[in-house]
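Values quoted throughout were computed directly from the atomic coordinates according to the rules given, and no laboratory measurement underlies them. From a predicted model like this one, the values you see are computed outputs, not experimental measurements. FYI the Cβ positions are ideal-geometry reconstructions off the backbone, even for glycines, and counts take in every protein chain you see.
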Amino acid sequence: GKVAWVECDDANVRAELTDLLGRLGLDGDKAYSICYSMAEYGDNFEHIVSDQNGVIGLKYVHPTRLTRIEDRFGRLQGFAAGILTPEDARWENNMEKMPEKVSYPWDIAHFRIQSTNRESLHGDPLTLPARRAYQQLKMVEDMLVLYRLSRGMDRDVYYVNVRGATPTQSWRTV
């Protein structure tokens, strides 16, 4: 079935957008990979590839390779290569050196799951709430292994199978 579709009262708009989704592959597997990336990282960046006829494709850009550049009101000004500090990601702080480094806002499609931190320029992964429980489970398992190793040395009796061995071999085994 379709992953993404267009609902619109205007049949021409609906047909044009449905055709665009089909050409970009956003009605099938590509939509799944975008959703998976958003679940994993909280973000998905797609570089919009176009020519004189319009949009012809999307090219994936890893979330660690871009930073949103915003003005002091939080409006998107563009995207810069690499991860920048929050101060460097403000347009006003780097206005003179930004234009050659920043792509236009319409060059990149940024899908994100809104972060719980309102100042974050990136989204939060869906697995974020499970991280603490996973770390606690891992720590309990490690503690259990260490407990069993330390308790093994407190026992007074160890049973070693030396059946069928001579007394000399038995002592060597022990």
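Of all alpha-carbon pairs in the stretch 103-174, indicate the percentage at a distance above 15 angstrom. For the stretch 103-174, the share of Cα pairs beyond 15 Å comes to 77 percent. Between amide H atoms placed 1.01 Å from N, distances below 5 Å from GLY57 occur with VAL49, all of them 5 or more places distant or on a separate chain.
Across the options ASN53, SER33, THR64, the greatest Cα extent toward the positive end of the charge dipole of the stretch 16-66 (unit charges at beta carbon of Lys, Arg, Asp, Glu) belongs to THR64. Under 5 Å from the amide H of LEU66 lie the amide H atoms of GLY82, each residue being 5 or more positions distant or on a separate chain, with H modelled from the backbone and absent for Pro and chain starts.
For the stretch 162-172, 3J(HN,Hα) computed residue by residue from phi via the Karplus equation (6.51, -1.76, 1.60; θ = phi - 60°) reads 10, 4, x, 9, 6, x, 5, 5, 4, 5, 5 Hz, glycine and proline entered as x.
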